[in-house]
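Working notes for the structure below.
The values are calculated or read from the model by the stated rules, or taken from the named source; none is laboratory data. Treat the numbers as computed from the prediction; the structure is a model and nothing was measured. FYI the Cβ positions are ideal-geometry reconstructions off the backbone, even for glycines, and counts take in every protein chain you see. Surface areas here come from the heavy atoms of the whole protein model, side chains and all, with no ligands, DNA or RNA. Shrake-Rupley method; radii C 1.70, N 1.55, O 1.52, S 1.80 Å.
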Amino acid sequence: RSRIPVILLACGSFNPTTNMHMRLFELARDHLHQTGQYQVIEGIMSPVSDNYGKKGLVSARHWVAMAKLALETSDWIRVDAWESEQDTWTETVKVLRHHYNEALRAFQSKKAFTRNKHPTESSTGNSFSCQQPVLPELKLLCGADFLLIFYIKEIVEKFGLVCISRAGSDPSQFIQQSDLLSKFQHNIFLVREWIQNEISATWIRSALSRGLSVKYLVPDSVIAYIAQHVYTAESEHRKKGHLLHPLRLQNTTIN
Amino acid sequence: DPDRKTEVVLLACGSFNPITNMHLRLFELARDYFHETGKYKVIKGIISPVGDAYKKKGLISANHRVTMAKLATKNSDWVEVDDWESCQSEWLETLKVLRYHHQKLLSADVTNSLQDAVPITKLGRKRKQEPNRHEPIKKKNQSPVLKSVPQVKLLCGSDMLESFGIPNLWKLEDITEIVEKHGLVCISRAGNNAQKFIYESDVLWRHKNNIHLVEEWIPNDISSTRIRRALRRGQSIRYLVPDVVRVYIEQHRLYSPESEDRNAGVVLAPLQRNATDPRSSQALN
């Protein structure tokens, strides 16, 4: 039984990280596992860099800090600050390439390590590490709206998409109508979220600036952090007047 | 004037099988709503899980449901769990639970008033003797009799409101007393049928000032039914229920195809009771 190991990567502002962001990972993992062909070994949350221009963004280090707090209780999802530390906005495909290279590096050192060991010795736990380590696939976790983005070719060709859509919407038809997408449909996984839970981070920020409760929508640890580094009406307007960078996950569930 | 605000206690009755983040959100939404009116102050939230005698399909033992609700509210400073209803051997009408909590508040209030009433003169004397003390005089001590009693309002989603229309599920006189003497706080999605439902019922329309409709802008469909379904299918329920509840469910293996079959074929307690009561055949409209 050799399942293909998969790493899920989600990009976005995570401003702040909500329960819904984390749900997307859980849904995607369940879906891939139930195909019988994949084993999700890791989830990576990659907050965007500060220099984004979208209204209401506070500094990236806060997003990373909040994501870390939110993911404290998760044993497989982690936050990666690489993208947030770049000087400018990084195209999604570049973020994918970076994390793919990192995974490749880790895989190569693991392979070298196991080659040196006695062939009957096996490492702990994972089903795939009993034999030679298998190179994991890296897939982008996103909302269905991401399918609309034009520069998607390399992503579906080299990596793959796990696309979460709401109950009531069905992107499969959209995929059939696109030559590019239907060509790579084997690498586009459509996951339906039947339990509606659309926690928009924009609404969260509005609620916070109005003094309304966001408990049970956002982890308590994140709420406590926000109380120290307040989202005010001021920060919502801070980026007004800046040009918006190319569309990325706009109006998708990740934002 | 903060002392002029009507104090409100929110009471949620239901199966809580299991409790979810959605249930907990109802309290937060309702409290924000009341506070924004400037006229109310929500002083407490009470979760009252239904007893096993309710006989709903898939209902697991009250012990577990109460425990999970308690775990879920451990870090809330205003929402608590009350197990009085769940301890009764017979199923209780929601109105009876409302009356119980209302009565409980009344007696607590009387006790508090009596306690507050005693030191008035003492306090007065102290102030004369020690003018530098900065103890504020509590206004309510001066007239305990006039202080308004906290209201207990039934907190629910639009599904419970619309269940008023299900034949034999509720007694018309119960619905009347709930909206007349206590009040309803109904959380529903923007663009729902709640207003229409109220409009189409004479009883509800008459007391519409005591029915507070709160719009929920974040669609939140995390029903217990869906949670149980996900669990049966081995799917993750993380971030839909508090983590402590998820861990508890896993440790005790609470939900399975077998647990879902409990009470299969058994008539729901209110339907059983009201079927034999001629008064229940009165329609809501």
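Numbers at a glance
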item: Tally of residues being within 14 Å of chain A (Cβ to nearest Cβ), touching a residue at least 12 places away in the same chain (Cβ under 8 Å) and open to solvent by less than 60 Å² (accessible area, probe 1.4 Å) across segment B:238-268; result: 5
item: Pairs, first over 28 Å from residue B:268 (Cβ atoms) in segment B:24-52, second open to solvent by 10 Å² or more (accessible area, probe 1.4 Å) and among the aromatic types (Phe, Trp, Tyr), C-beta under 7 Å, six or more apart; result: B:28/A:216; B:34/B:40; B:44/B:78
item: Whichever residue in segment A:1-44 is of a type in the set (Ser, Thr, Tyr) and more than 22 Å from residue A:104 (Cα to Cα) and, among such residues, is farthest from the chain's Cα centre (by Cα); result: A:35
item: Failed item in (1) within 19 Å of the chain's Cα centre (by Cα); (2) of a type in the set (Ser, Thr, Tyr); (3) at pLDDT 95 or above, with residue B:248 passing the rest; result: (1)
item: Helices (runs of 4 or more DSSP H) wholly inside segment B:95-167 that include at least 3 residues being modelled with pLDDT of 90 or more and within 23 Å of the chain's Cα centre (by Cα); result: B:158-163
item: Residues that are within 14 Å of chain A (Cβ to nearest Cβ), within 25 Å of residue B:91 (Cβ to Cβ) and either loosely packed, with under 15 Cβ neighbours inside 10 Å or at pLDDT below 95 (or both), drawn from segment B:170-223; result: B:223
item: From A:82, A:76, residue being open to solvent by 50 Å² or more (accessible area, probe 1.4 Å) and either in contact with a Phe, Trp or Tyr (Cβ under 6 Å, 6 or more places away or on another chain) or of a type in the set (A, V, I, L, M, F, W, C) (or both); result: A:82
item: Residue B:82 being of a type in the set (Asp, Glu) and closer than 30 Å to residue B:209 by Cα; result: yes
item: Residue tally, condition under 19 Å from residue B:153 (Cα atoms) and surrounded by fewer than 17 Cβ atoms within 10 Å (Cβ to Cβ), over segment B:78-90; result: 3
item: Top-ranked residue of segment A:178-229 - restricted to ones that are within 7 Å of chain B (Cβ to nearest Cβ) and among the β-branched types (Val, Ile, Thr), ranked as farthest from the chain's Cα centre (by Cα); result: A:195
item: Residues within segment A:154-172 that are modelled with pLDDT of 85 or more and either in contact with a helix residue (DSSP H, G or I) (Cβ under 6 Å, 6 or more places away or on another chain) or among the polar types (S, T, N, Q) (or both), tallied; result: 11
item: Qualifying positions in segment B:209-224 - touching a residue at least 12 places away in the same chain (Cβ under 8 Å) and more than 17 Å from residue A:166 (Cα to Cα); result: B:210, B:211, B:212, B:213, B:214, B:215, B:216, B:224
item: Count of segment B:57-76 residues which are in a helix (DSSP H, G or I) and hydroxyl-bearing (Ser, Thr, Tyr); result: 1
item: Wholly enclosed helices (runs of 4 or more DSSP H) of segment A:180-252 bearing at least 3 residues surrounded by 16 or more Cβ atoms within 10 Å (Cβ to Cβ) and either in contact with a strand residue (DSSP E or B) (Cβ under 7 Å, 6 or more places away or on another chain) or modelled with pLDDT of 85 or more (or both); result: A:201-209, A:220-228
item: Contacts under 9 angstrom Cβ, first residue in segment A:94-108 being free of Cβ contacts under 8 Å to residues at least 40 places away in the same chain, partner part of a helix (DSSP H, G or I), 6 or more apart; result: A:94/A:83; A:97/A:154; A:97/A:158; A:97/A:159; A:98/A:83
item: Segment B:224-235, residues that are surrounded by fewer than 18 Cβ atoms within 10 Å (Cβ to Cβ) and in contact with a helix residue (DSSP H, G or I) (Cβ under 9 Å, 6 or more places away or on another chain); result: B:229, B:232, B:233, B:234
item: When residues of segment B:1-15 are limited to those that are under 13 Å from the mean Cα position of the chain (by Cα) and open to solvent by 10 Å² or more (accessible area, probe 1.4 Å), the one farthest from residue B:262 (Cα to Cα); result: B:13
item: Contacts under 7 angstrom Cβ, first residue in segment A:203-223 being in contact (Cβ under 8 Å) with a residue 24 or more places away in the chain and of a type in the set (Gly, Ala, Ser), partner surrounded by fewer than 23 Cβ atoms within 10 Å (Cβ to Cβ) and not in a helix (DSSP H, G or I), 6 or more apart; result: A:209/A:231; A:209/A:232; A:221/A:72
